[in-house]
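Asker: Please see the structure below; I have some questions.
The values are calculated or read from the model by the stated rules, or taken from the named source; none is laboratory data. Every value quoted in this text rests on a predicted model; they were computed, and no experiment measured them. We place every Cβ from the backbone using ideal geometry, glycine too, and count neighbours over all the protein chains shown. In case anyone asks, the SASA skips ligands and DNA or RNA and just uses the protein heavy atoms, side chains included. Shrake-Rupley method; radii C 1.70, N 1.55, O 1.52, S 1.80 Å.
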Amino acid sequence: MGKSLYIAEKPSVAREFAKALQLNTSNKDGYMESSEAIVTWCVGHLVTMSYPEAYDEKYKRWSLETIPFIPEKFRYEVIDNVKKQFQIVSGLLNREDVDVIYVCTDSGREGEYIYRLVEQQAGVKDKVRKRVWIDSQTEEEILRGIREAKDLSAYDNLSAAAYLRAKEDYLMGINFSRVLTLKYGYGIKNYLKTDRAVVSVGRVMTCVLGMVVKREREIREFVKTPFFRVFMQADAKDCELECEWKVNERSKYFNSPLLYKENGFKDRKTAEEMISFLLQSPSDAVIEAIERKKETKNPPLLYNLAELQNDCAKYFKISPDETLRIAQELYEKKMTTYPRTDARVLSTAVAKEIYKNIKGLTAYPLTAEFANAILQNGSYKRIAKTRYVNDKQITDHYAIIPTGQGLANLKNLNPTAAKVYEIIVRRFLSVFYPPAIYRKISLTVCKENETFHANFKVLEEEGYLKVAAYSFAKKKKEDDDSTQDEEAGFDKEYLDKINALKKGDIVSVKDFVIKEGETSPPKRYNSGTMILAMENAGQFIEDEELRAQIKGSGIGTSATRAEILKKLVNIKYLSLNKKTQIITPTLMGEMIFDVVEHSIKSLLNPELTASWEKGLTLVSNGEITPDEYMKKLDDFVSRRTLSVK
């Protein structure tokens, strides 16, 4: 009987597999071997697509005559600085005594691509190949992945999508960058007074640049508009009230062109006239309506990578690239599950075993009391029937959650990584707690058919909010789930007085005041909100609940978004403020935007960019063939390149 060969994506992962399999291995050059198995590794990509000059030397020189460049058959080559490891892996894959190959590269599209390129370049034939697909690097999960490994052919559609993604980036990058540089590079170079100017273009990269430039120009062109709101300061049964005027159908200002929205005026004079009229009126102000209700706030959905990157930019002012690095570190230390995921829910299968994760967290000091409480009250048993478990919302991997293992590694984490782990743990444990419940009272006060409104809100039951109180949060209010809403700043005694008021009560008016405001320009993207905007095809939705509902096709993938943003900063098209994480375009970036807008405008369209990503998903799912996708890609690249020439 032959040997099994396990091939991982990097040496550290290979060691975890050898450890989980309890192999008595000896260390060799680039692999480990025991009497029954061999464990080896790639070091990221070992093989890449060949540059155009590998097809013909004439393509080395950039020329309009040699584009569009679309080879009938694509060529690949071993990357120079990893040739030695490729030779080792290739030799092992083709060893006669190896009869089963276990593919243990990252469980995702890119991990699939890394292995398939190596196998293709090594010319592997007549071997049984099995795919190990895991969600964490705990021993149990590794062994389950090996035990349940499917034939590699089950992932052929995923592999086809991976190849197409690479071909798409290659063809668009080479053809569009060359044609735009040849047409416009000289002018850009002269204007910026630089030695050279290459117009770098990419399917996702250029679209993201467009989003940032458009936003910056909206801000520049924004003209602030002043507006004036009117507030009534009053007493009702020893309760001091401040109520804001809003127009209603009985108001003399209903549908008036003098209004700014429903609760203000375009100029101060109109506001003063209304106040003068109300002060002269002998009629009382009366409580016209009082509405009492309870409001529940559910724990947010679990983290996917985009949501985690957004929160880390907000709380810790770190880039998406750094967040991914930390999430990968936590994954490799067995502390959390696979980071490159779009899902924000758990699978049914994981939900059945989730008590193991919770039990492990009883040893995590910051949240031990909450983990113990969940185990004691058994709330984890009901999780499968909640919105936090949904197999239909999972493609490759479920949400990022703590495994409950690897806590011995806590002391080796840097302070930021420790905080990232904390927010993942608190988000996870929150879903086993009840909603926060607020008591809310809304008052409507009327005087001379003009209505004034006040809202009062107090937290009655903390629910999950006690779990979400971060250890690093400042005492002042922070914009996170660990704090109460702005409206919730009333104490219960005051709210009880408000609650005693009833419809028809007389209100004693003390004064009216005018508060001036002005319209605000759109906010600049920060690195976190940009990742969320990419996830939602160019639309940044601030409301967390709404984001969860409308999630569709994104720009790029969870695995690539941070890298794209990093590249735009590195090539100096975008500027990233490290302290605030605010993103702005550079002059070069704006010039590139103008060039693309006047030549290949469709590259700036987030919906179109997202549709390419959706096409790759359709290939992954077997809903369209790779040939169908490639035909559309060839046509798009050819037509756009020729139109610029």
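Asker: Kindly sort D29, D195, D106, D634 by accessible area of their heavy atoms, largest first, with the probe set to 1.4 Å. Walk me through the numbers on the way to the answer.
Answerer: Details: D29 95, D195 150, D106 25, D634 50 Å².
The ordering from most to least exposed comes out as D195, D29, D634, D106.
Asker: For the pair D267/S643, report the inter-label distance in nm, with labels modelled 7 Å from Cα in the Cβ direction.
Answerer: With each label point 7 Å from Cα toward Cβ, the separation is 4.8 nm.
Asker: Which length gain, in nm to one decimal place, applies between R144 and L64 when the Cα-Cα distance is subtracted from 0.36 nm times their residue separation? Provide the component values of the computation, followed by the final result.
Answerer: On the way: separation 80, 0.36 × 80 = 28.80 nm, distance 5.41 nm.
Working it through step by step, the gained length comes to 23.4 nm.
Asker: How would H453, H598 line up by accessible area, probe 1.4 Å, largest first? Don't skip to the answer; put the middle values down first.
Answerer: Working: H453 55, H598 145 Å².
My answer, sorted largest first, is H598, H453.
Asker: Highest first, please rank the peptides 57-67, 417-427 by the mean number of other Cβ atoms sitting within 10 Å of their residues. List each step's numbers first, then the result.
Answerer: Numbers: 57-67: 12.9, 417-427: 22.1.
Taking the mean over residues of other Cβ atoms within 10 Å, the ranking is 417-427, 57-67.
Asker: To continue, here is another question. So what is the diffusion coefficient of segment 358-416 in µm² per second by Stokes-Einstein at 37 °C and 0.692 mPa s, using a Kirkwood Rh over Cα pairs?
Answerer: On the way: Rh = 13.6 Å.
Using the Kirkwood radius from Cα pairs, D works out to 242 µm²/s.
Asker: Full extension from E353 to N255: what is 0.36 nm times the residue separation minus their Cα-Cα distance, to one decimal in nm? Show your work: numbers first, answer last.
Answerer: Values: separation 98, 0.36 × 98 = 35.28 nm, distance 5.90 nm.
Once the chain is fully extended between E353 and N255, it gains 29.4 nm.
Asker: OK, next. If the limit is 19 Å between Cα atoms, which of K314/K474; K419/K466; K150/K381 go over it? Please report the intermediate quantities before stating the final value.
Answerer: Working: K314/K474 14 Å; K419/K466 17 Å; K150/K381 30 Å.
The pairs that break the limit, which is 19 Å between Cα atoms, are K150/K381.
Asker: A further question on this structure: Please work out the C-alpha center-to-center distance from segment 188-202 to segment 565-589 and express it in whole Å.
Answerer: If you average the Cα positions of each part, the centres end up 17 Å apart.
Asker: Something else now. Determine, at each q value in 0.20 (inverse angstroms), the log₁₀ of I(q)/I(0) that the Debye formula gives when each Cα of segment 100-258 is one equal point scatterer.
Answerer: Reported log10 I(q)/I(0), two decimals: -1.24.
Asker: Whenever you get a sec, line up S50, S26 from highest to lowest accessible area (probe 1.4 Å, protein heavy atoms).
Answerer: Working: S50 5, S26 55 Å².
My answer, sorted largest first, is S26, S50.
Asker: At 7 Å along the Cα-to-beta-carbon direction for both D29 and D156, put a label point, then send me their distance in nm to one decimal.
Answerer: It works out to 3.8 nm between the two label points.
Asker: Accessible area per residue for the chain in Å², computed with a 1.4 Å probe and the full protein assembly in place, what is it?
Answerer: On the way: 30490 Å² over 645 residues.
Per-residue accessible area for the chain comes out at 47 Å².
Asker: Net charge within 12 Å of Q280 by Cβ-Cβ distance, Lys/Arg positive one each and Asp/Glu negative one each, not counting Q280 itself? Provide the component values of the computation, followed by the final result.
Answerer: Details: positive: K447; negative: E273, E448.
Here the count lands on -1.
Asker: May I ask you to list the lysines whose Cα is less than 19 Å away from that of K645, ignoring any residue fewer than eight positions away on the same chain?
Answerer: K58, K60, K183, K601
Asker: Whole angstrom only: what separates the Cα centroid of segment 359-402 from the Cα centroid of segment 31-54?
Answerer: Each part reduced to its Cα centre gives a spacing of 37 Å.
Asker: Another question about this same structure. Quick one: compute the contact order of the chain, relative version, from alpha carbon pairs under 8 angstrom and 6+ residues apart, as a percent.
Answerer: Values: 1126 pairs, mean separation 111.0, N = 645.
Answer for the chain is 17 percent.
Asker: What Kirkwood hydrodynamic radius do you get for segment 38-188 when you take the inverse of the mean 1/r over all pairs of distinct Cα atoms, in Å?
Answerer: On the way: mean 1/r = 0.0569 Å⁻¹.
Result for segment 38-188, one decimal place: 17.6 Å.
Asker: Can you give the extra length, in nm with one decimal, that the chain gains between E518 and S611 once fully stretched, where that is 0.36 nm per residue apart less the Cα-Cα distance? Each step should come with its number before you reach the end.
Answerer: Working: separation 93, 0.36 × 93 = 33.48 nm, distance 3.82 nm.
Gain on extension, E518 to S611, equals 29.7 nm.
Asker: Please compare each pair in K84/K566; K83/K193; K297/K503; K252/K510; K73/K333; K189/K567 to a cut-off of 31 Å on the Cα-Cα distance and tell me which ones are over it.
Answerer: Too far apart for the 31 Å limit: K83/K193; K73/K333.
Asker: Another question about this same structure. How much accessible area does L302 have with a 1.4 Å probe, in Å² rounded to the nearest 10?
Answerer: 0 Å²
Asker: Same structure again: For K266, give me every one of the aspartates and glutamates with a C-alpha distance below 13 angstrom, ignoring sequence neighbours fewer than eight places off in its own chain.
Answerer: Straight-line reach from K266, under 13 Å: E516, E518.
Asker: OK, next. Step by step: find N for the chain, compute 2.2 N^0.38 Å, then divide the Cα radius of gyration by it. What's the final number?
Answerer: Working: Rg = 30.0 Å, N = 645, 2.2 N^0.38 = 25.7 Å.
In units of the 2.2 N^0.38 Å rule of thumb, it is 1.17.
Asker: Let me ask something else. Based on Cβ point charges of +1 for Lys and Arg and -1 for Asp and Glu, what charge dipole magnitude is obtained for the chain about its Cα centre, in debye rounded to the nearest 20?
Answerer: Values: 100 positive and 94 negative charges, 192 e Å.
I would put it at about 920 debye.
Asker: Counting C-alpha atoms alone, how compact is segment 396-450: give Rg to one decimal and Dmax as a whole number, in angstrom.
Answerer: 21.7, 69
Asker: Rounded, prolate or oblate: which one fits segment 101-190, using the alpha carbon gyration tensor with axes a ≥ b ≥ c (rounded when a/c is under 1.5, else prolate when a/b beats b/c, else oblate)? Please list the in-between numbers first.
Answerer: On the way: a/c = 4.07, a/b = 2.52, b/c = 1.62.
Cα axes put segment 101-190 in the prolate bin.
Asker: So if I take the centroid of the Cα atoms in segment 268-294 and the same for segment 108-139, what is the distance between those two points in Å?
Answerer: Using only Cα atoms to place each centre, the spacing works out to 71 Å.
Asker: Now for a separate question. In the chain, carbon and sulfur make up what percent of the accessible area (probe 1.4 Å)?
Answerer: On the way: 14610 of 30490 Å².
Within the chain, the accessible surface is 48 percent carbon and sulfur.
Asker: Please give the net charge around E516, taking every other residue with its beta carbon less than 9 angstrom from that of E516, where Lys and Arg add +1 and Asp and Glu add -1. Write down the numbers at each step before the final one.
Answerer: Working: positive: R229, R268, K515; negative: E518.
Net charge around E516: +2.
Asker: Just to verify a number: what accessible area does D80 come out at with the full protein assembly present, 1.4 Å probe, Å² rounded to tens?
Answerer: 120 Å²
Asker: Continuing with this model, one more query. At 20 °C and a viscosity of 1.002 mPa s, what translational diffusion coefficient does Stokes-Einstein give for segment 1-103, taking Rh as the Kirkwood radius over Cα pairs? Give it in µm²/s as a whole number.
Answerer: Working: Rh = 15.8 Å.
It comes out at roughly 135 µm²/s.
Asker: Related question: Going by the alpha-carbon gyration tensor, a ≥ b ≥ c the square roots of its eigenvalues, is segment 322-367 rounded (a/c under 1.5) or, if a/c is not under 1.5, prolate (a/b greater than b/c) versus oblate?
Answerer: On the way: a/c = 2.36, a/b = 1.17, b/c = 2.02.
Oblate shape, in that a/c is at least 1.5 and b/c is the bigger or equal ratio.
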